[in-house]
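Trainee: One structure, as structure tokens, below. Some questions next.
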Amino acid sequence: MAVPAWQAPVSGSPPLAGQINQLLGAHPASFLYQATLQASATGGSGNWPSNGLWAAQAFTAGSSQAAVGYVTFATTVTGSPPPWTISVQASSGGQPSGTPLASVSFPKELAASQVTALLPCAVTPGTQYWLVAEPAGDPSDYFSWLRSSAGSGCLTAPDGATWTSQGFGLRYAVYDQSVSGPLVGIVEDGGARFTLLSWSASAGPATVQEFTSGQTSAGYAESARSLSYSGSLLTGAA
């Protein structure tokens, strides 16, 4: 049985049949746990704004890494940009291939000091890949990807195909799909719905954020809850 497209309701819209898809059929899901860091770049100053060019940051899969689970980015947000699409792409001729192995569009609500992008995909150990960011926003509404201390590693393009090397790198951390801690997130239907969790050191989940594709270009419908405990006993959700 074919799984219908998953849609979230939009405030003020009439009921649509597609909005009940959550209750029908099986939805492919990837469960991603706190995992092992395989590649990263830190430090530096300055940033790259999302409102103009495409950007791509190179990384090399670990010597025994068979998959990417999630990636964290150092970011800020200005104004109210539309969702920002990030993908993992193979390398072709020293630049992104143009074909996403995994992609996710995350809304501005997630762009605090660090974004966790759930990007489950298979990779070949010791091989170069790219983290590719599509343009998003305008001069008043945009994301900023913070630069690393590296003097290279970033490419930019006006069209996602004609790449130019830059004299800086961008901050990132790539994790595999090993299990070394609690659940980080769940990706369903190829990113049409995803869930992120944070954890209390002494109890259980501290926050749960769910994002489901909306019916307009505005992005996702968000459901976010903060959980409270008395000792290890869950006492409330707000």
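Trainee: Look at PHE106 and say whether it is of a type in the set (Phe, Trp, Tyr) and closer than 21 Å to ARG193 by Cα. Don't jump to the end; show me each part of the working.
Mentor: Details: of a type in the set (Phe, Trp, Tyr): yes; closer than 21 Å to ARG193 by Cα: yes.
Yes.
Trainee: Something else about it: Go through the residues of segment 219-233 one by one and say whether even a single one is acidic (Asp, Glu) and either part of a loop (DSSP other than H, G, I, E, B) or assigned by TED's automatic domain parsing to the domain that holds LEU118 (or both).
Mentor: no
Trainee: So, one more: Kindly state which strands (runs of 3 or more DSSP E) lie completely within segment 136-216 and contain at least 3 residues that are touching a Leu at 6+ places or on another chain (Cβ under 7 Å).
Mentor: Of the strands (runs of 3 or more DSSP E) lying wholly inside segment 136-216, those with at least 3 residues that are touching a Leu at 6+ places or on another chain (Cβ under 7 Å) span 154-157, 172-175, 183-188, 205-213.
Trainee: Let me ask something additional. Restricting the search to segment 166-188, which residues are surrounded by fewer than 20 Cβ atoms within 10 Å (Cβ to Cβ) and of a type in the set (A, V, I, L, M)?
Mentor: Answer for segment 166-188, where residues must be surrounded by fewer than 20 Cβ atoms within 10 Å (Cβ to Cβ) and of a type in the set (A, V, I, L, M): ALA173, VAL179, LEU183, ILE186.
Trainee: Another question, if that's okay. Between residues in segment 86-106 that are on the phi > 0 side of the Ramachandran plot and residues that are in a strand (DSSP E or B) and surrounded by 19 or more Cβ atoms within 10 Å (Cβ to Cβ), which pairs lie under 8 Å by C-beta distance while being six or more apart or on different chains?
Mentor: Listed by first residue and then by second, the contacts come to GLY98/GLN89.
Trainee: For SER13, only one of the following conditions fails: (1) under 20 Å from PRO120 (Cα atoms); (2) at pLDDT below 90. What is its number?
Mentor: (1)
Trainee: Could you check how many residues of segment 107-162 are free of Cβ contacts under 8 Å to residues at least 24 places away in the same chain, in contact with a strand residue (DSSP E or B) (Cβ under 9 Å, 6 or more places away or on another chain) and not hydroxyl-bearing (Ser, Thr, Tyr)? Quick ask: steps written out before the conclusion?
Mentor: Residues of segment 107-162 that are free of Cβ contacts under 8 Å to residues at least 24 places away in the same chain, as a first pass: 151-152, 162.
In the following step, the residues that additionally are in contact with a strand residue (DSSP E or B) (Cβ under 9 Å, 6 or more places away or on another chain) were identified as 152.
Within this subset, residues satisfying the condition of being not hydroxyl-bearing (Ser, Thr, Tyr) are none.
Residues flagged as free of Cβ contacts under 8 Å to residues at least 24 places away in the same chain, in contact with a strand residue (DSSP E or B) (Cβ under 9 Å, 6 or more places away or on another chain) and not hydroxyl-bearing (Ser, Thr, Tyr) within segment 107-162 amount to 0.
Trainee: So, one more: Quick one: in segment 54-78, of everything that is surrounded by 20 or more Cβ atoms within 10 Å (Cβ to Cβ) and at pLDDT below 95, which residue is farthest from VAL174 (Cα to Cα)?
Mentor: VAL77
Trainee: Right, here's the next one. Of the residues that sit in segment 79-108 and are surrounded by fewer than 17 Cβ atoms within 10 Å (Cβ to Cβ) and over 21 Å from GLY191 (Cα atoms), which one is modelled with the lowest pLDDT?
Mentor: Step by step, filter segment 79-108, then rank; the result is SER80.
The values are calculated or read from the model by the stated rules, or taken from the named source; none is laboratory data. Keep in mind that this is a model prediction, so the values were computed, not measured. Reconstructed Cβ throughout: ideal geometry from the backbone, glycine too, with neighbour counts over all protein chains shown.
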